[in-house]
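The values are calculated or read from the model by the stated rules, or taken from the named source; none is laboratory data. As the structure is a computational prediction, the values presented were derived from the model and not from experiment. Cβ atoms come from the backbone with ideal geometry, glycine included; neighbour counts cover every protein chain shown. Note: accessible area is taken over every heavy atom of the protein model, side chains too, but ligands, DNA and RNA are not part of it. Shrake-Rupley method; radii C 1.70, N 1.55, O 1.52, S 1.80 Å.
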Amino acid sequence: MPEQLFFAMEVILNGLMAGVLYALVALGFVLIFKASGIFNFAQGVMALFAAMTFVGIQNGQVPFSHLINAIFGTHIHYFGWEVHSVVAIVLTVVVMIGLAWAVQRFIFRHLVGQEPIILFMATIGLAYLLEGVADLMWGSEIKKLDVCLSEGTCLPQGMNLAFDEFSAALFNQPFGMFIDNLDITATIIAILLVAALVVFSQYTKQGRAMRAVADDHQAALSVGVSLNYIWILVWSVAGFVALVAGIMWGAKSGVQFSLSLIALKALPVLMLGGFTSIPGAIVGGLIIGVGEKLFEFAIGPMVGGATENWFAYVLALVFLVFRPQGLFGEKIIERV
């Protein structure tokens with residue numbers, strides 16, 4: 001096959017892998033919007049907060065150490081031990097569940113029945129609050145996130161070598177392609193998480209309750225579904241999705257405050273797939289991922305490159321003009 005075709009195949013594969021990660025970020029928006037009608041502007045900052053908490057716990061860092069040292073004149077920054085990645089993930093999940101409870105208990109519980117714009121502004125405030133708390137807890141310096149994703153997901157050495165040989169045999173050797181093991185692992189984890197969310201939504205009691213709340217709050221209340229419980233559950237699941245997204249993106253570029261901007265990349269995905277559709281988030285992410293890579297490959301050299309920065313938004317604008325509800329979103333009809 002011609003060399004250009006091989007290169008195009010590599011571009012498509014990389015686009016699919018990027019698209020899965022975009023879809024992962026978009027899922028956090030969809031879950032909260034479906035259950036509560038809130039467009040959560042803070043989803044990107046939740047990914048940043050979760051990633052920083054994970055790194056801080058993993059490194060044995062003392063939370064709020066800078067503030068404690070400034071108040072008491074101490075010089076304590078670390079406990080003196082490191083925490084295994086799996087334990088750090090579990091502890092971070094506990095923190096995100098606590099965050100979900102606090103958000104529902106102290107913010108949105110008092111805003112029930114308010115206009116959507118009020119709820120949206122509340123999530124903007126929440127985003128800046130979380131960013132400030134993350135800075136106070138863990139510091140603002142760039143942190144290296146190491147969960148061994150580039151070496152086969154922290155498996156034993158023999159399994160790591162087997163993973164490396166498998167990916168090389170699948171992509172690099174036969175076709176002359178280069179696919180980073182980090183991207184392969186992140187894609188596999190993202191696919192498994194998306195599948196688990198679909199199964200949870202469709203086949204569990206809590207998932208059915210979430211869908212009932214999404215369809216009609218009053219009807220859900222009438223059959224004994226607790227809105228407070230469901231909203232805490234939804235924010236907890238969205239927090240876990242944010243943790244996975246933060247780890248995936250943080251492993252690629254380091255954990256820094258620009259990580260919160262990944263939410264902006266999810267907006268075109270939502271516009272394509274629809275704000276209320278989990279399958280739409282997946283399909284939209286794949287379309288954006290492959291589309292921007294192919295557009296950069298085919299058109300980028302003609303216009304000076306850097307088309308990945310704006311292609312997704314132009315495509316989303318086209319969808320907003322011709323199909324505002326997206327590919328899988330529900331068309332809203334208002335009767336007057």
Exercise for the section: Using Cα pairs closer than 8 Å and at least 6 residues apart in sequence, work out the relative contact order for region 227-311, in percent. Expected result: 13
Exercise for the section: Work out the FRET efficiency for ILE107 and PHE79 from their Cβ-Cβ distance, taking R0 = 30 Å, and round it to the nearest 0.05. Expected result: 0.45
Handout entry: Choice from MET271, MET137, MET17 with maximal GNM fluctuation in the chain (Cα, 10 Å cutoff)
Key = MET137
Problem - Cβ-derived FRET efficiency at R0 41 Å, ILE12 paired with GLN114, nearest 0.05 - result: 0.40
Completion exercise
Candidates LEU119, LEU270, LEU111; GNM for the chain (alpha-carbon contacts under 10 Å) flags as most fluctuating LEU111
Completion exercise
If R0 = 25 Å, then SER140 and ILE299, at their Cβ-Cβ distance, give a FRET efficiency to the nearest 0.05 of 0.10
Exercise for the section: Please calculate the 1.4 Å probe accessible area of ARG323, with all protein chains present, and give it to the nearest 10 Å². Expected result: 100
Fill in the blank from the handout: Distance in Å, no decimals, from the C-alpha centre of region 112-126 to the one of region 55-75 is 33
Problem - lysines whose Cα lies under 26 Å from that of LYS143, excluding same-chain neighbours fewer than 8 positions away - result: LYS252, LYS265
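For ILE71 and ILE124, calculate 0.36 nm times their separation in residues minus their Cα-Cα distance, and state this gained length in nm to one decimal. Present the calculation step by step, with values, prior to reporting the outcome.
Details: separation 53, 0.36 × 53 = 19.08 nm, distance 2.97 nm.
So the extension gain works out to 16.1 nm.
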Completion exercise
For region 2-322 the mean separation of alpha carbon contacts under 8 Å (6+ apart) over residue count, i.e. relative contact order in percent, is 37
Exercise for the section: May I ask you to list the lysines whose Cα is less than 30 Å away from that of LYS205, ignoring any residue fewer than eight positions away on the same chain? Expected result: LYS34, LYS331
Problem - Electrostatic dipole magnitude of the chain [Cβ: Lys, Arg +1; Asp, Glu -1; Cα centre; debye, to 20] - result: 1060
Handout entry: LEU320 - accessible surface, heavy atoms, 1.4 Å probe, Å² rounded to 10
Key = 80
Handout entry: Residue-normalised accessible area of the chain, given per residue in Å² at a 1.4 Å probe
Key = 50
Fill in the blank from the handout: Summing -39500 (n - 2.57) over every DSSP H run of at least 4 in the chain, dividing by its residue total and rounding to the nearest 500, the 222 nm mean residue ellipticity is -23000 deg cm²/dmol
Problem - Candidate residues ILE32, ILE124, ILE12, ILE76: accessible-area rank, largest first, probe 1.4 Å - result: ILE76, ILE12, ILE124, ILE32
Handout entry: Paramagnetic label zone (point 7 Å from Cα along Cα-to-C-beta, LEU91; backbone N under 18 Å) in region 32-62
Key = 49-62
